[in-house]
Structure formats: C-alpha cells, structure tokens
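The structure under discussion appears below in the form of structure tokens.
Just so you know, all these numbers are worked out from the coordinates, no wet-lab data involved. Note that the structure is a prediction, hence the values are computed from the model and not measured. Here the Cβ is made from the backbone with ideal geometry for all residues, glycine too, and neighbour counts use every protein chain on show.
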Amino acid sequence: MKRQITDIQVQKKHPTRRSIFLDGQFFCGVNDGVAAKFYLKIGMEIDEDELKNLLSEEELSKAKNYVYRILARRMYTNREIRNKLVERGYLDKVIEDVIATLERYGYLNDKTYAEEWIRSRMRSKPKGKIAIRQELARKGVERSIIEDALSREFDESREKDMVLELARRKVRSYKRDEPVAVRRKLYGFLLKRGFNYDTVKYAVNQVMDTEDLELGV
C-alpha cells in the first residue's frame, strides 16, 4: 500500500531538517541530506519498504552526526565510539555501518589514537609504560596495537629524566615526614604512575641523596 507525501516543511528550530507529512499527517523528521537522497517531494507516492529504508537512513544519519560532533571535541577509540552508540540505543547494523564509515575515512583509528595518547603522556602528566599500557587496554585498544605504538612513541631515553623530575616535585610535599616515610611514599607514588621498579629506585635514591629537605621536623 502506497502513501502520499502531502507536505514537506523546514523545521523552525532545526533548519537543516525537514518534517514529512503523509496523507495529511506528520510522519517523521529527516535530515535534509536524507530528504535529498530519497528525492522526497510533495505529491510523491511511497510504499512501506521505501518508508522503512527512509527511516533506516535517517537513523544512520543521526548516529553519524552524533559521532562527528563528539569527535570534533577529542579523539575516541573504536570501542569508546561503539559503547556510546550502544548507550544511545542504536541498532547493531547502524553501529557497524557508522564504525565502517569512520574507519574508511580515517576518523576512527586505534593506531593513531594510541600513538597520540603516548605522546600526550610524554608531554604532560608523565606516566610509565605499565600505566599507559593499562590505560589503552581499558579503552579497548588491541594489545598488538599498544605494543607497536609503545615501541615507536615511548621515549626510553627520557624515562629516567621524567621520573626524576616527578620525584623532585613530589618530595617537596613530604618535608615534615621522616626519611623512611618519604622513601616509602615516593616509591608508592612513582610505581602507581606506571614506571618500572628499577627506574623508580634510581629516582628515589637520587632525590634522597641530593634534595635539601627539612625531614623529620
């Protein structure tokens, strides 16, 4: 059974969307790109299968626009985008289509994400390989991608300097503690930042030997 498009109106609050009326009654709202793709016009007759395709395309358009908006603010991993679409109630087919489109045009790339995440960690809020590996794994990045990115982007030569600088800054907050307590707290702080034990030991020893602290006061 075919129905007729009796009116198409530009939505007042959303000028890029169109309200579609069938047989004198409002049927749905669609993005103007979707309206153009289906060549919608007043007087056109449309059957049930075409209406289903129209609604499916509109759902896909909404999902893509949502993802483009959040990607404009920051990068996301494949899993993060997938989870956000699931939370908003999109069907599996829509989600797969969106993910495929994003990957095809380079908007979604876990390899690029991992590399940028590591570079960011090297620039600010320094963390060691252990912590970075855990962070990326929680975000759904595959282990092989993580290891490959770490091998290329993590600057081993700077790690000792990063840990030492962190230790020097942090130790100032322990001025009133006993040396034994300072050493214990520094170890705990640096290990939690994901640096390996040997590097942490080096930094703690350097700081305890050279910092002019009023310990035990």
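Some notes on this structure:
- For the stretch 1-46, the relative contact order is 44 percent, taking Cα pairs closer than 8 Å that sit 6 or more residues apart in sequence and dividing their mean separation by the residue count.
- With a Förster radius of 41 Å applied to the beta-carbon distance between SER151 and ASP209, the computed FRET efficiency rounds to 0.80.
- Between helix 156-171 and the chain: long-axis angle, C-alpha atoms, 0 to 90°, nearest 10: 70 degrees
- Taking a sphere under 15 Å around the Cβ of ARG18 and counting the other residues whose Cβ falls inside, with K and R at +1 and D and E at -1, yields a net charge of +2.
- Cross-link reach list, lysines versus LYS93, counting only Cα pairs under 29 Å and skipping chain neighbours closer than eight places: LYS2, LYS37, LYS41, LYS52, LYS62, LYS64, LYS84, LYS111, LYS139
- 10 Å Cβ shell holding at most 12 others, DSSP loop, chymotrypsin sites (Phe, Trp or Tyr not before Pro): longest site-free stretch of the chain: 106-217
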